[in-house]
Each structure stands twice: as C-alpha cells, then as structure tokens.
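The values are calculated or read from the model by the stated rules, or taken from the named source; none is laboratory data. Please read these numbers as outputs of a predicted model, since none were measured by experiment. Don't worry about glycine lacking a Cβ; one is built from the backbone with ideal geometry, like all the others, and counts go over all protein chains shown.
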Amino acid sequence: MGSKADIEQILRDGNTVQTVIDGYSMYPMLVPGRDSVIIAPLDREPERGDIVLYRREGSILVLHRIWRVRPEGLYLVGDNQTQVEGPLRLGQIRGVLIGFIRKGKYVSCRNLPYRVYAVIWLRLRPVRHKVAVAVHFIKVCGRRICGR
C-alpha cells in the first residue's frame, strides 16, 4: 500500500482502499500487523458506531469509531480507549470502514454480529479498559492451562 497521502487521494477519487492497520487504538477488534481494513469514501451522513478515517487537525490519519453526532461536530473514540475526541468537523473525515480482513476472512461492517459488537462496545466505553484486561487475562490463563 502506498503512503497515507495516497490513501487520501484514492478516497477523494471515489475509490475504495485496503490497508493494514498499524496502531492499537482499535484493539481488540483490529490487531496491527494481522488485520487489514477496507475504507470507502463517505457517501452518506455519518452515524454513531461508524468507524471513520479522519485527519487530526494538522496531524495524522486516525481510524476511530463515532461516539456521538452533534450539531457542533463528531465525537470519536478508539475501541481501545475511553477518552473521547472532538468535536471534529465533517471535512476532516476521509472515509468510512466498510469491512476488514481478519486471518484471511472478510468481515462486513453490515453483518449482524459486527453490528451487535459495535453497539455493546460503545455502551461499555466507560469500563472497556477493565473488560479488555479481563479478556486478556482469560486468554493468557487459557493458553497456560492448554499448554499453548
């Protein structure tokens, strides 16, 4: 995949782009180095739960979930974060996640299990760090018990 500027140009040209993620802000849903995302130009009003690619003011491209849509702008948060960012202007949005590839399998953002996950994870925002720590602990213990 090309540079981040290339990604923005591809989206401006109306095309979809696939790229591997490189940060942990959307963990546990997206794992850097393992998962790739498919991002399309935003052709509708953004909604709570959408994962959007946006450019921070004078800074980097970020992929986060919309927490709130308000008249003054959008408020976003990564799945691995509790701190909400915003308000962001609609003009900062470059594209919207339409799906991702995990372990070679495509997952659509329209399928029911994904949508249920998105609703639950947004509602867990105030305590999600504790949930993530507990899940990680269970996985580590499970590996030790099973000898993996």
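If you check Gly2 against the conditions, is it in contact with a helix residue (DSSP H, G or I) (Cβ under 9 Å, 6 or more places away or on another chain) and at pLDDT 95 or above? In short, no.
Just one of the listed residues (Gln83, Gln92) is among the polar types (S, T, N, Q) and farther than 24 Å from Asp13 by Cα, and it is Gln83.
Yes/no matrix, rows are residues, columns are (1) among the hydroxyl-bearing types (Ser, Thr, Tyr); (2) over 20 Å from Glu45 (Cα atoms):
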site	(1), (2)
Val77	no, no
Gln92	no, no
Ile101	no, yes
Gly104	no, yes
Ser108	yes, no
Val127	no, yes
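Those strands (runs of 3 or more DSSP E) of the stretch 1-88 in which 1 or more residues are in contact (Cβ under 8 Å) with a residue 24 or more places away in the chain and hydroxyl-bearing (Ser, Thr, Tyr) occupy 36-40, 51-55. The residues of the stretch 36-46 that are farther than 13 Å from Arg94 by Cβ and at pLDDT below 95, listed by number, are Arg44, Glu45. Screening Gly33, Gly73, Gly58 for residues that are over 13 Å from the mean Cα position of the chain (by Cα), of a type outside the set (Ser, Thr, Tyr) and under 24 Å from His129 (Cα atoms) leaves exactly one candidate, Gly33. Of all the residues in the stretch 98-123, those that are β-branched (Val, Ile, Thr), free of Cβ contacts under 8 Å to residues at least 60 places away in the same chain and closer than 20 Å to Pro32 by Cβ number 1. Among the residues in the stretch 89-103, are any at pLDDT 95 or above, aliphatic (A, V, I, L, M) and touching an Asp or Glu at 6+ places or on another chain (Cβ under 6 Å)? Scanning the stretch 89-103, I find at least one residue that is at pLDDT 95 or above, aliphatic (A, V, I, L, M) and touching an Asp or Glu at 6+ places or on another chain (Cβ under 6 Å), so the answer is yes. Applying the set (1) more than 22 Å from Gln18 (Cβ to Cβ); (2) exposed (fewer than 13 other Cβ atoms within 10 Å of the Cβ); (3) modelled with pLDDT under 95 to Gln81 leaves exactly one unmet item: (2). When restricted to residues that are more than 20 Å from Pro32 (Cβ to Cβ) and buried (at least 20 other Cβ atoms within 10 Å of the Cβ), the stretch 84-95 contains 2.
Scanning the stretch 47-65 for residues that are surrounded by fewer than 16 Cβ atoms within 10 Å (Cβ to Cβ) and over 14 Å from Gln92 (Cβ atoms) returns Glu47, Arg48.
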